[in-house]
1. Could you list, in sequence order, the residues of the stretch 350-372 that are out of contact with any Leu (no Cβ under 9 Å at 6 or more places or on another chain), part of a helix (DSSP H, G or I) and surrounded by 16 or more Cβ atoms within 10 Å (Cβ to Cβ)?
2. Condition (residue is farther than 24 Å from residue 439 by Cα, surrounded by fewer than 20 Cβ atoms within 10 Å (Cβ to Cβ), touching a His at 6+ places or on another chain (Cβ under 9 Å) and modelled with pLDDT under 90) applied to the stretch 392-401: is it met by at least one residue?
3. Can you name every residue in the stretch 133-192 that is within 15 Å of the chain's Cα centre (by Cα) and either in a loop (DSSP other than H, G, I, E, B) or of a type in the set (Val, Ile, Thr) (or both)?
4. Of all residues in the stretch 373-388, which are outside any helix (DSSP H, G or I) and either within 16 Å of the chain's Cα centre (by Cα) or at pLDDT 85 or above (or both)?
5. Output yes when any residue across the stretch 434-444 is of a type outside the set (A, V, I, L, M, F, W, C) and farther than 18 Å from residue 325 by Cβ, and no when none is.
6. Is there a residue being in the same structural domain as residue 315 (by TED's automatic domain parsing), farther than 30 Å from residue 343 by Cβ and out of contact with any strand residue (DSSP E or B) (no Cβ under 6 Å at 6 or more places or on another chain) anywhere in the stretch 218-234?
7. Take the residues in the stretch 290-316 that are without any contact (Cβ under 8 Å) to a residue 24 or more places away in the chain and over 18 Å from residue 241 (Cα atoms); name whichever of them is nearest to the chain's Cα centre (by Cα).
8. Restricting to the stretch 317-330, name every residue that is surrounded by 14 or more Cβ atoms within 10 Å (Cβ to Cβ), over 25 Å from the mean Cα position of the chain (by Cα) and of a type outside the set (Ser, Thr, Tyr).
Amino acid sequence: MVKAEDKECCKKPVFKTLRRIAACLLPLPKGANRLLPVASSNYGLDTGVSMAKNKGRYEQLNIKFMEQATLTQNNIRIGASGTNSDQLLYIGVDVHKDKHTAVALDCFGEILLEKEIDNTKKGFEQLMSVINETAKGRGLTPLFGLEDSQNYGLRLGYSLCKQGCAVKIVSPILVSGFRKYETHPEKSDLLDALGAAKVLIQRTDSLPNFSISKPQEIAKDIKEMVMDREFLIKEKTRIKNQLHRLLHRAHNTEYKEKFKNPFSVKALKYWSRYPVPKKNDNVFVNPDILKNQIRRKIKRIKEIKKDVEIIEQGLRALVDKTGQKIETMNGCGLVLAASLIAEIKDIQRFRSPSALAKYGGLCPREHSSGKKIRHIKTRAGNRRLNTTFHRIALSQIGIHGNERSKNYFNRKVAEGKSKSQALCCLKRRLVDVVFVMMKYKKEYQYPN
C-alpha cells in the first residue's frame with residue numbers, strides 16, 4: 001500500500017476503506033492493480049499515471065486500466081437482479097448428511113453470523129429466521145452459496161429457492177484453494193463454510209446458479225439411475241470373480257474348457273445343476289458348502305441381470321422424455337447417451353462448445369514459460385463426462401466405428417501426434433457434435 005505524504009489527505013477515510021477492500025479482495029475492474037491504490041482529490045482512484053510525493057520528489061506510479069470507481073463499488077452488479085455487491089449478505093453453507101454449517105459475511109469479509117442447523121425442515125426455518133433478522137438489521141439482501149459435492153444440500157437448496165432466495169453452487173475445489181494458502185491450513189465445517197462465503201464474494205458472477213428447471217430435474221433422475229446401474233455392474237463383476245474362484249476349487253482349470261463363456265445362460269444353468277463334479281476325488285473342500293456358495297452366487301448374478309434390464313427400461317423412458325437423439329451417433333448407445341444428459345444437465349447452461357469442453361476437462365491446459373509455449377492434458381473438469389466422451393471416441397475408431405472419425409484420428413497420428421493425443425483431439429471434435437445435437441435436438445447425419 002502506497003501512502004501520500006500529505007497529512008490531511010492521509011486523515012481522510014479513503015485509506016481505511018481501501019485497506020478493508022483490499023483485505024477481503026473485492027472484485028475490481030478487469031486489469032486493475034489492487035496493490036497500488038492512490039488517494040485523489042475526489043476520493044476515487046486515479047487513471048493512467050498517478051503521482052505520489054516522496055521526500056520532495058515525485059515518484060511515478062503506473063496504475064493502468066483503473067476506471068473511475070467509487071469506493072462503494074456501485075458499478076459492480078450481481079447477475080440480473082441489479083443488486084450492488086455492497087448490499088448483499090454472503091452466506092456460505094457447508095452441507096453434510098445430518099448437519100449444515102452456515103457463515104454469513106458482509107462485502108468487507110466481516111463475519112456477521114455463524115450457525116449450525118439440522119438437515120430438516122425445522123433447521124431450514126431456523127436458518128432463514130436468523131438470516132432474515134441479520135439481513136434486515138443491516139439492510140442487506142441474502143445470497144447463499146452451497147458447497148455441495150454429494151447432493152446433500154438438495155433439500156436446503158429447494159427450500160431456499162421456494163422462498164425466493166438467490167442460491168449459488170460453490171465448487172469444493174475453490175474452497176480448498178482458499179484453505180491451501182492460509183498460514184496454518186486447517187479444515188473444519190466452519191472453515192469450509194467461511195471459505196464458501198469468501199468464494200461467493202469474489203466469484204459471484206461466475207458461479208453457477210442452483211436451479212430447479214425441468215431439464216435439470218430429468219437429468220438428476222437419469223443420473224440416479226445411471227449410477228445405480230454402475231453399482232450393480234460393479235457388484236456383478238465382483239461376484240463373477242468370486243464364482244471363478246469357486247468353480248476352480250470345484251472343477252480345477254477344466255471348468256474353462258466346458259464353455260466358451262462360463263457365465264452364459266447355458267453355462268449358469270449347468271453350474272447350478274452340477275456345482276461340483278459327481279466324483280469328488282479332487283475336491284478338497286466340503287462339497288455341501290461349495291454347492292451352496294456356487295448356487296448363491298449364480299442366483300445373485302441372475303437377479304442383478306433382471307435389475308439392470310429394469311433400470312435400462314426406465315432410462316429409455318427418461319431419455320425419450322428429454323427429446324434428445326444422441327443415440328443416433330455411432331458408438332453412443334442408451335447408457336452413454338443417458339450419461340451425457342445426466343452430466344451436462346441443461347445444454348443451455350453452456351454458451352458454446354468450448355465452454356462445454358472446458359467443463360468436461362477436454363481442453364488442453366497451457367503450460368508455457370518464456371518463449372516455450374506448449375499445452376498439456378488437464379485432469380480438471382467433470383471426470384464422468386470426460387470418461388463418457390472417451391468411451392464414445394474409442395467406439396468411433398473401432399472396427400465398426402465412424403469412417404470420418406477414423407480418418408481424422410489417422411490424420412492426427414500422421415501429423416506426429418501420439419495416439420493418446422490424437423484421441424484427445426477426436427474427443428474435442430465430438431464435443432462440437434454433441435453440443436449441436438443437444439442444443440437443437442437433431443439426429444446425427446452421416447456425411448456422404
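The values are calculated or read from the model by the stated rules, or taken from the named source; none is laboratory data. If you're wondering where the values come from, they're calculated on a predicted model, not measured in any experiment. Cβ atoms come from the backbone with ideal geometry, glycine included; neighbour counts cover every protein chain shown.
1. Of everything in the stretch 350-372, those that are out of contact with any Leu (no Cβ under 9 Å at 6 or more places or on another chain), part of a helix (DSSP H, G or I) and surrounded by 16 or more Cβ atoms within 10 Å (Cβ to Cβ) turn out to be 353, 357, 358.
2. No, that holds for no residue.
3. 148, 149, 150, 151, 152, 153, 169, 170, 171, 173, 175
4. Passing the criteria: 378, 379, 380, 381, 382.
5. no
6. Scanning the stretch 218-234, I find no residue that is in the same structural domain as residue 315 (by TED's automatic domain parsing), farther than 30 Å from residue 343 by Cβ and out of contact with any strand residue (DSSP E or B) (no Cβ under 6 Å at 6 or more places or on another chain), so the answer is no.
7. Among residues in the stretch 290-316 that are without any contact (Cβ under 8 Å) to a residue 24 or more places away in the chain and over 18 Å from residue 241 (Cα atoms), the one nearest to the chain's Cα centre (by Cα) is 316.
8. Hits for the stretch 317-330 are 329, 330.
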